Structures are given as C-alpha cells and as structure tokens.
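Only one structure is covered here, and it is reproduced in the block below.
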Amino acid sequence: MSPSRCARGSSLLEAVIAAGLLATVLTGVLPLATTAMVGTSVSRADLAAAQLARERLAQLQSLTHTTSIAGVVADDATRLDDATLFRVGGSGLLPTGLAPLQGPTTPWVDWLDAHGAWLASGPQIPPAARFGRRWGILPAGLDGCLRLWVEVTPLRPSSGDHVARAAGLQCPWGVEAP
C-alpha cells in the first residue's frame, strides 16, 4: 500500500470519528438548548405579566381618593376597561365585591396582546390575547381605605399556573393606613 493511499484512509477515519463525536455532543446539547428556549419564553411571559399587574395597580392608585368635609371622595366614574384609559363612564374605585375573584367579570377584566396592548374587555377571550387581567376593589374598613388587587395570567406560552399579582391599600389623603 502506498503512503498516500494510507494517508487518505486515515483522513477518512478521522473524519468519521469527528462526525461521531460531534453527533454525540449535539445530542446532549440540543435538549438543553430547547429547555433553555422554553424557559426563557415562560420567564418573559411571567415578567410581562408582573409588569402589566403593576401598571393596572398604579392606574387604580392614581384615581381620586381623598377626604373632604363631606367625607371620603372617591372616583366612581373612570373607565379602565377600554383602550383609552381614564375615560368617563366606568366603575372607577367603586367596590367590586368578590365577583372578579371568581372569573372574568365585566368590567373588571381585560385582554391584552403579547406587547401588553389592550384588545378587549369582557368574558370572551380574543384570538390574539396573550394575557388576561382582572382587578378588584374591596373596602378595607370604616375609614374609607380600599384594598386593590390585580391578577394577570399569561395565556400562551405557559407551563403550569403562572399568575402575577399586585395589591395595595389605598387610603384617602389624610387618613393613615391601618
């Protein structure tokens, strides 16, 4: 056998061994990459849900809630279940009771797209919805304080029960929180 023929055979053998090693390494790395991509997607949705919950809580806390000579003055007309925030014609800071805790109850639910843009309100989920957001207002005592809570659930992608929650105690200006 000539030396050049022997060199060609060893090159082929080296290439086959290298391809086998590469296939073995990729077989181990590919599931890790897939798991990382799914985990990143779920984490991104969870982070967006938490931000959307904090945004709605801040919107609720920005509504008028103060004391006057006549008593507590609370916004009871601002609409939050619409694409245009702070429009007249909604429920404002009126207590909701426990109904929004049970499920999507109009007007205390809205549906948002993947970027957090408002799509619709009400119990029907629009096809492009990626987040469902519910909020409620409960009286916290005789001093006019209100308990505000917001829940945002990523609809897709999701694995398990991922719900972002934000809550706050809103007391009228001049009243100390209990």
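For this structure, a couple of remarks:
- For segment 12-63, the candidate set comprises residues that are touching a residue at least 24 places away in the same chain (Cβ under 8 Å) and of a type in the set (Val, Ile, Thr); within that set, the residue that is nearest to Gly89 (Cα to Cα) is Val42.
- Residue in segment 105-124 that is closer than 21 Å to Gly90 by Cβ, open to solvent by less than 30 Å² (accessible area, probe 1.4 Å), modelled with pLDDT under 95 and assigned to a loop (DSSP other than H, G, I, E, B) present: yes
- Residues in segment 49-71 that are at pLDDT below 90 and either within 19 Å of Leu112 (Cβ to Cβ) or surrounded by fewer than 17 Cβ atoms within 10 Å (Cβ to Cβ) (or both): 7 in all.
- Hey, Asp143 farther than 21 Å from Arg54 by Cβ and among the charged types (D, E, K, R) or not: yes
The values are calculated or read from the model by the stated rules, or taken from the named source; none is laboratory data. Owing to the predicted nature of the structure, the values given are computational and were not obtained by experimental measurement. FYI the Cβ positions are ideal-geometry reconstructions off the backbone, even for glycines, and counts take in every protein chain you see. The protein model used for the area step is the full one, side chains on, heavy atoms only, and it has no ligands, DNA or RNA in it. Shrake-Rupley method; radii C 1.70, N 1.55, O 1.52, S 1.80 Å.
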